[in-house]
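The values are calculated or read from the model by the stated rules, or taken from the named source; none is laboratory data. These figures come from a predicted structure and were not determined experimentally. Counting neighbours? That spans all protein chains shown, and the Cβs are built from the backbone with ideal geometry, glycine included. When the accessible area is computed, the model is the full protein with side chains, heavy atoms only, and any ligands, DNA or RNA have been set aside. Shrake-Rupley method; radii C 1.70, N 1.55, O 1.52, S 1.80 Å.
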Amino acid sequence: QVQLVESGGGHAQTGGSLRLSCSGPESISAVAAMGWFRQAPGKQRELVAVVNIGGTTRYSDAVKDRFAVSVVNGKNTVNLQMNNLTPSDTAVYYCYIGRLSGRYYWGQGIQVTVSS
C-alpha cells in the first residue's frame with residue numbers, strides 16, 4: 001500500500017493563506033504528473049493544479065492567480081501555496097501522483113476550511 005503523505009491545511013479566514021505539502025516514496029518512478037485535486041460536499045472531485053512531466057502547470061479557473069503549485073526537482077514532492085482564500089475554497093484536498101504507466105496514487109485527503 002502506497003501512502004502519499006499530506007500536511008498543512010486547516011482553518012483560514014477569507015483573504016488568508018495556507019500551504020499544503022505532499023510527498024511520496026521513491027519507489028514511485030516514471031512520474032508523469034503531480035498535483036492537487038479537491039472535493040467539496042455534494043460536488044465531484046475537481047482538478048486544482050497539476051505539474052506535468054515537461055514542467056508545465058495547469059490551474060482550474062477558480063484558483064488562477066491565487067494558488068501556486070510547485071514540485072521539488074527529482075523528488076516526489078508537490079506543494080500548493082493558497083493565497084487570497086475564500087469560503088468557496090473549503091474542501092478536502094487530495095494530493096495526486098500519476099505514473100507514465102497509467103497507475104496513480106492519492107493522498108488521504110486534508111481538510112481546508114475558510115471562514116468569513
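Basic side chains Lys and Arg get +1 at the Cβ, acidic Asp and Glu get -1 at the Cβ, and with that the dipole of the chain about its Cα centre reaches some 160 debye. The Kirkwood radius of the chain, taken over pairs of alpha-carbon atoms, gives through the Stokes-Einstein law at 37 °C and 0.692 mPa s a diffusion coefficient of 232 µm² s⁻¹.
Once the Cα-Cα distance is subtracted from the 0.36 nm per residue extended length, the S27 to K75 segment shows a gain of 16.2 nm. For the pair H11 and T56, label points projected 7 Å from Cα toward Cβ lie 4.1 nm apart.
P25: net charge of surrounding residues, Cβ under 13 Å, Lys/Arg +1, Asp/Glu -1, itself excluded?
Once positives and negatives cancel, what remains is +1.
Counting protein heavy atoms only, the chain has 48 percent of its accessible area on carbon and sulfur, 1.4 angstrom probe.
Can you work out the accessible area per residue across the chain, with the rest of the protein chains kept in place, probe 1.4 Å, in square angstrom? Walk me through the intermediate numbers first.
Details: 6340 Å² over 116 residues.
Accessible area per residue: 55 Å².
Around A12, what is the net charge, scoring Lys/Arg as +1 and Asp/Glu as -1 over all other residues with Cβ under 11 Å from its Cβ? Computed value for this residue: 0.
Would you mind classifying segment 68-107 by shape? Square roots of the alpha carbon gyration tensor eigenvalues, ordered a ≥ b ≥ c; an a/c under 1.5 is rounded, otherwise it is prolate if a/b is larger than b/c and oblate if not.
Judged from the Cα gyration tensor, segment 68-107 comes out oblate (a/c at least 1.5, b/c at or above a/b).
Once you have a ≥ b ≥ c as the square roots of the Cα gyration tensor eigenvalues for segment 1-62, tell me rounded if a/c is under 1.5, and otherwise prolate or oblate according to whether a/b is larger than b/c. Prolate, since a/c reaches 1.5 and a/b exceeds b/c.
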